[in-house]
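Before any comments, here is the structure.
Here, each number is a calculation from the coordinates, and none is a lab measurement. Quick caveat, the model's predicted, so the values are computed rather than measured. Every residue, glycine among them, receives a Cβ derived from its backbone with ideal geometry; neighbour counts consider all protein chains shown.
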Amino acid sequence: MATVVVREQPVERSLPAPLWWVVLSGTLLLLAFAGYTVWAGVWTATGIYLEDFKSYVATGSAVRAGMPLYEPGVSHLPTIGGTFKYTPFAAGVFVPLTVVPKLLLPLFAVLVNLFSLLVVVWVSLGQLGYARDHGRVAATAALSALALPLQPVLMNFTAGQVNLLLLLLVLVDLTGRNRWWTGAGVGLAAGIKLTPAIFVVYLLVTRRFKAAGVAVATFGATVLAGFVAFPRDSAAFWSANLADPSRITGDNDAMSPENQSIRGALARLLDIADVPGKIWIPVAAVLALAALWIAVRAHRQNRELLALSVVGVVMVLVTPWTWTHYWVWFIPFFVMAACGALRSRAWWPAALLVVAYLLVLPWKVGSGRSDVPLVGLVILPEHYSPLLQAVAHTLYVALALGLLLLSAVRPAWLNPATPDGRLEPAGFLTGRTGAGRTGSPA
């Protein structure tokens, strides 16, 4: 009787879920959040806690009062230059914050970021093939607890920033099933903060034209809504030089260690404060093309989490000015690396993960304005040696380039999926992959 090969159906992995691990992971998350409340108290005492979130609330109030958002010295917003930095549509999104009781606003800001972090980790684990079971719940709690202290994540909580929410919008939108509204999350994220528009390019190069069209249409709807609601502000915003970093920072000096972009790294390397576009833009373009090639290959191999993470990282790298809190795109890579270390039978993946994790922790390196603690090796102050500063001030850029290289040479270690969509067998990293089932017809 002839033997036939039966194609294996996609399978789901299960993470360990003994009761002690579920309890321990939940406890770890509670302890991390309790530690954050202590940290928040330190910043509250300085008066700078949730500074960016307060600017969002102030923007909503300015909108309700009919004040111009983009004219310096008029609306007196608590931002650099006193102007709003995001789109007019984003200003409208922030209006509902003005009706939330003032005492509840800090809790609201923290809970939105915590929810976004948990969902990003949960979705990332799902993309790696883990089943919706107690093990995945426990892993979500544990990895979120470990991600919270990372300097970019912590500063999003501390400042009340929107980067985690934008990451959530993109990740949930493009990792789910293809539906008629796929792409709307990308368009909405770009309508709030322009940089996620790079994912439209990703959708085009991966030939997901319908999703790209939905993203563009959604973005266009946000622009139209802005012109309908705030015609004067919209005209001012869209007629400005949106690529001018001084719109965000107040000047063209790219050398601050807070600027963790390719432009910032080149400015410090070449000792040119306003590094000209003819130098940094070609470098950024080459890097973007290389990253898109990596992402397209990952997409074709059904490694969608890796593809999106690569695009997210290059988005942050090629932005003219990149604050450290933009680097929440380290989170999906952290999840992928943690799971890769768990699957591996070698010691070195775990060792590399621990080293990278320690480098991104919020080590106190000094004190800033109002005696707020300066945290993160990446912003090492001037009283350290010049060589040490030079290395530290390029830390996130170097880590990002390392992640792109790893994504190019070892994609299966980060996101184990075969070209036909099945998950790699457990022995993939050691070269001992499994074979398809064989059987005889009845």
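For the chain, the relative contact order is 20 percent, taking Cα pairs closer than 8 Å that sit 6 or more residues apart in sequence and dividing their mean separation by the residue count. When shorter helices are ignored and each DSSP H run of at least 4 residues is given -39500 (n - 2.57), the per-residue value for the chain at 222 nm works out to -18500 deg cm²/dmol. Among Arg369, Arg207, Arg64, the largest mean-square fluctuation in a Gaussian network model of the chain, built with springs joining Cα atoms closer than 10 Å, belongs to Arg369. If the Kirkwood radius is taken over C-alpha pairs of region 52-188, then at 4 °C and 1.567 mPa s the Stokes-Einstein diffusion coefficient equals 78 µm²/s.
How would region 131-276 be classified by its alpha-carbon gyration tensor: rounded, prolate or oblate, with rounded meaning a/c under 1.5 and the a/b versus b/c comparison settling the rest?
Working: a/c = 1.87, a/b = 1.13, b/c = 1.66.
Oblate, since a/c reaches 1.5 and b/c is not below a/b.
Across region 23-33, rounded Karplus estimates of 3J(HN,Hα) from the backbone phi angles (6.51 cos²θ - 1.76 cosθ + 1.60, θ = phi - 60°) give 5, 5, 5, x, 5, 4, 5, 5, 5, 4, 5 Hz, Gly and Pro being marked x.
Taking Cα centre as origin and charging only the Cβ of basic (Lys, Arg, +1) and acidic (Asp, Glu, -1) residues, the dipole magnitude of region 52-181 rounds to 200 debye. Toward the positive end of the charge dipole of the chain, with +1 on the Cβ of Lys and Arg and -1 on the Cβ of Asp and Glu, the farthest Cα among Ser75, Leu146, Tyr36 is that of Leu146. Near Arg13, the amide H atoms lying under 5 Å from its own belong to Tyr130, Ala131; only residues 5 or more places off or on other chains count, and H is placed 1.01 Å from N. With Cα atoms defining each centre, region 220-240 and region 93-142 are spaced 30 Å apart in the structure.
In order along region 352-366, the Karplus-derived 3J(HN,Hα) couplings, from 6.51 cos²θ - 1.76 cosθ + 1.60 at θ = phi - 60°, round to 4, 4, 5, 4, 4, 4, 5, 5, 9, 5, x, 5, 6, 10, x Hz, and Gly and Pro are given as x. Could you identify which residue out of Asn156, Asn252, Asn178 has the top mean-square fluctuation in a GNM of the chain using Cα springs shorter than 10 Å? It is Asn178. Taking amide H as placed 1.01 Å from N in the peptide plane, the amide H of Ser261 sits under 5 Å from that of Thr322, each at least 5 places away or on another chain. Net charge dipole, region 202-322: roughly 760 debye, given to the nearest 20, about the Cα centre with Cβ charges of +1 for Lys and Arg and -1 for Asp and Glu. Each of Leu107, Ser385, Ala131 was scored by the projection of its Cα onto the charge dipole of region 13-420, and the greatest displacement toward the positive side belongs to Ala131; charges sit on the C-beta of Lys, Arg, Asp and Glu. Could you give the distance between the Cα centres of region 286-318 and region 39-57, to the whole Å? Each part's Cα centre sits 34 Å from the other's. Computed over the chain, the convex hull of the alpha-carbon atoms projects to a mean area of 24.4 nm².
Mind ordering 297-309, 13-25 by average Cβ neighbours within 10 Å, highest first? Don't skip to the answer; put the middle values down first.
Values: 297-309: 22.7, 13-25: 14.2.
By packing density, highest mean first, the sequence is 297-309, 13-25.
Between the amide H of Leu374 and those of Val365, Gly366, Ser367, Gly368, distances stay under 5 Å, these residues lying 5 or more places away or on another chain, with hydrogens modeled in the peptide plane.
Taking the Cα centre of region 13-420 as origin and assigning +1 to Lys and Arg Cβ atoms and -1 to Asp and Glu Cβ atoms, the resulting dipole is close to 1220 debye. Which entries of Lys54/Lys210; Lys193/Lys278; Lys54/Lys364; Lys85/Lys278 show an alpha-carbon separation above 30 angstrom in the structure shown? Flagged as over cut-off: Lys54/Lys210.
In region 194-287, taking the dipole from charged Cβ atoms about the Cα centre, the farthest positive-side position among Gly213, Asn259, Ala240 is held by Gly213. The 3J(HN,Hα) values that the Karplus relation (6.51, -1.76, 1.60; θ = phi - 60°) gives for region 73-86 are, in residue order, x, 9, 7, 6, 5, x, 9, 4, x, x, 10, 6, 9, 9 Hz. Gly and Pro appear as x.
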